[in-house]
1. Quick test for you: out of I184, I195, I215, pick the one residue that is touching a residue at least 40 places away in the same chain (Cβ under 8 Å), touching a helix residue (DSSP H, G or I) at 6+ places or on another chain (Cβ under 6 Å) and surrounded by fewer than 21 Cβ atoms within 10 Å (Cβ to Cβ).
2. Output the number of residues of segment 198-212 satisfying the condition of being in contact (Cβ under 8 Å) with a residue 60 or more places away in the chain and either in a loop (DSSP other than H, G, I, E, B) or exposed (fewer than 14 other Cβ atoms within 10 Å of the Cβ) (or both).
3. I'd like the full set of residues that are closer than 16 Å to N170 by Cα, part of a helix (DSSP H, G or I) and among the β-branched types (V, I, T), limited to segment 213-227.
4. Regarding segment 4-13, can at least one residue be identified that is under 26 Å from R145 (Cα atoms), among the basic types (K, R) and loosely packed, with under 14 Cβ neighbours inside 10 Å?
5. State all residues of segment 113-139 that are more than 19 Å from the chain's Cα centre (by Cα) and of a type in the set (A, V, I, L, M, F, W, C); if no residue qualifies, say none.
6. Report, by residue number, each residue of segment 218-230 that is in contact (Cβ under 8 Å) with a residue 12 or more places away in the chain and farther than 19 Å from Y45 by Cβ.
7. Does K225 satisfy the condition of being modelled with pLDDT of 95 or more, assigned by TED's automatic domain parsing to the domain that holds Q190 and under 23 Å from the mean Cα position of the chain (by Cα)?
8. Hey, could you check segment 80-107 for residues that are under 15 Å from the mean Cα position of the chain (by Cα) and among the polar types (S, T, N, Q) and say which is nearest to F153 (Cα to Cα)?
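The values are calculated or read from the model by the stated rules, or taken from the named source; none is laboratory data. As the structure is a prediction and not an experimental result, all values here were calculated from the model. Note that we place each Cβ from the backbone using ideal geometry, even for glycine, and neighbour counts take in every protein chain shown.
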Amino acid sequence: MMGGQKAPLAFTTINLHVGTIRIYDFDGIRLHAYDTKDPFGDESYLFETEHELIGLESPMFLNNLTEYADYVNSLGKPLNHFIMAYHPGGSNAFIYCRTYATETTKKSISEGGSIKTLIDNFSAAFGNHLNPYIPAITNIIKAGRITIGDIEFVVKDTKESFDLEIPAINAVYTHMVGNRVHNILESPEQIDAMIGQMNDYTKKKPSLILTTHDIPATVEVAAEKATYLKTIKELALRSKDKTSFVEQASATFPEYDGRDYLKMSAAALF
C-alpha cells in the first residue's frame, strides 16, 4: 500500500448546469472531482480540509469556469492554493491563489513549450468559448514530499510536467489514464514508461486514480491501461503509416473515446 487509509469508494453526486461534481469523503479530507463534460473530457479537483481548499487543474472552457467558481464559493472556505500540472489554462479565475508547479511545468507552459502550444491551438479552435490564460507560478516545487496547505503530496517529475501521490487519501494523480480513453503517446519509450507506471499502480494499489481526462477510477483501470498500451505499441510497430495505425487502433478499441488523441499519437509516432 502507498500509505494512508483505504478510500471509501462511495461518492455523492451533484449535477451542475454543465458538469457534475463527485464528492468523496475521507478522514479529515473531502475530495471534490469536477467532471466538466467539455470536448476533452477534462476533470478538475478540489481538496477540502477543515480550514481551506486546494485546487488541482483548472477547467478551461468559460461555461465550466463560471459554474466551477460558483461551486467553490458555495463551499464557504478560501481557495488558497492551486496546483498546476498539465491543465493550467483558465487559472486566472483563481488568480488570488498561490500557484504551484515544477520547473519542468514552467518550461512546458512558457512560449514554445508543449502545454502552451496545445492551449494556443485549442484557443484558435474554440475561440471565445475558452479561456487560455495561464497565471504566473508563485511557488516552484521539486520532486519529493511537499506540504501544500494542510495536505502532504509526493511530487513525481515527468517529461512534460509532474504527477502526484496523495498519501492521506491513498490516491495518485496523473495526466492521462482514463478508463477506455485513448492516450497521447509520443514514442515507444514513453509507452514503456507508462506501462511501468501502470504496473507500479497495480502493485501499490491506490484506492483512487485521479486523471485529468476521466472521472476518478479504482486501481483496476491500471491493469486495463497497461494492456491497452502494450497493444498500441504492437500496432504502432507493425503499422506502415499513421493512417493504418489509426484504423487498426480504432478497430481494436472501438469503445474507446479520444479519437483526436489517437490522431495526435499517430502524428508523433510516424
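1. Testing whether each residue is touching a residue at least 40 places away in the same chain (Cβ under 8 Å), touching a helix residue (DSSP H, G or I) at 6+ places or on another chain (Cβ under 6 Å) and surrounded by fewer than 21 Cβ atoms within 10 Å (Cβ to Cβ) leaves just I184.
2. Qualifying residue count for the region: 4.
3. Answer for segment 213-227, where residues must be closer than 16 Å to N170 by Cα, part of a helix (DSSP H, G or I) and among the β-branched types (V, I, T): just V221.
4. yes
5. Selection gives A124, A125, F126, A136.
6. A223, E224, K225, A226, Y228, L229, K230
7. Against the criterion (modelled with pLDDT of 95 or more, assigned by TED's automatic domain parsing to the domain that holds Q190 and under 23 Å from the mean Cα position of the chain (by Cα)), K225 does not qualify.
8. T105
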